[in-house]
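Reviewing the structure listed below.
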Amino acid sequence: MHSSDYVTHRGAITTVAIATLLAWTTGSGALGAGIASDPQPHAADLQSQQTITEAADASAQYELGARYARGRDVPLNYAAAVTWFHKAAEQGHVEAAYNLGVMYADGRGVRQDLVEAVNWFRKAADRGHAGAETSLGIIYATGKGAPRDDAEALSWFRKAAAQRDPAAAYNLGVMYAEGRGVQRDLAGAARFYREAADRGNASAQSNLGAMYCEGQGVPQDYVLAYMWLSLAAAAGNRIAIRNLDIVAGHMSPEQIDESERLAREWQLNRKSE
């Protein structure tokens, strides 16, 4: 199911389904918006770094690939990034294998090949890379790159969620809410959404807010519904923005004030973590 396919509940409250976007890793190994942000040498050091990479230094090869993929101190060059990721991944560099999987999945610097993406994601996942585990879960949940297999998707999502990967926890929430590979369990879905929501996943915050609004898997609570929806809306989640107006119609000004106070408190606690 694509991320644009929505499950509609009574009262026009909506929730978003399985996330399908694959993301590149950050230097810490968590999902992020781009290639790993390792410390970067200046452009003047490029020739010496290429000499190092040709000497089979996997970390240097990976770093050079990351620079080309991001256009850091060198011209943006996805094909060159793929070349250096390949060299590093073939030596067992986990981040390189994961990012190479993303390049194949996105068709950046190489012809799009989801089967090859699965190959590299699996190499990284077998070494415990949470982003790769989540990516494999998405592939098996959507049937893109491998035959759809909800049980296999659940297995990979659970492994990544155990490493506190918010995208994995969010997708587990979807699987439990829809009864995919597991008996439908709205309380379990709410629990996984909460795990992801607490780590800042806007889709999970939106879905959790919708569940509080309707009393699905959790006691109905408009104050908490508005709180989570407002956090998701602040992150630009369009479904949450729509649902926020619906929930507000059931609330008093005092209840909205309390929701906003709770949202501010959540944001402060997250900043202090």
task: Would you point out which residue out of Tyr140, Tyr98 is touching a Ser or Thr at 6+ places or on another chain (Cβ under 8 Å), among the hydroxyl-bearing types (Ser, Thr, Tyr) and farther than 25 Å from Gly217 by Cα?
output: Tyr98
- prompt: Picking from Gly143, Gly200, which residue would you name as being out of contact with any helix residue (DSSP H, G or I) (no Cβ under 9 Å at 6 or more places or on another chain) and either within 18 Å of Ser259 (Cβ to Cβ) or not assigned by TED's automatic domain parsing to the domain that holds Gln112 (or both)?
  reply: Gly143
- prompt: List pairs: first in the stretch 72-98 and in the same structural domain as Tyr62 (by TED's automatic domain parsing) and more than 15 Å from Glu116 (Cβ to Cβ), second buried (at least 23 other Cβ atoms within 10 Å of the Cβ) and of a type in the set (D, E, K, R), Cβ under 7 Å, 6+ apart or cross-chain?
  reply: Asp73/Arg67; Val74/Arg67
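The values are calculated or read from the model by the stated rules, or taken from the named source; none is laboratory data. Please read these numbers as outputs of a predicted model, since none were measured by experiment. Cβ coordinates were reconstructed from backbone atoms using ideal geometry, including for glycine residues, and neighbour counts include every protein chain displayed.
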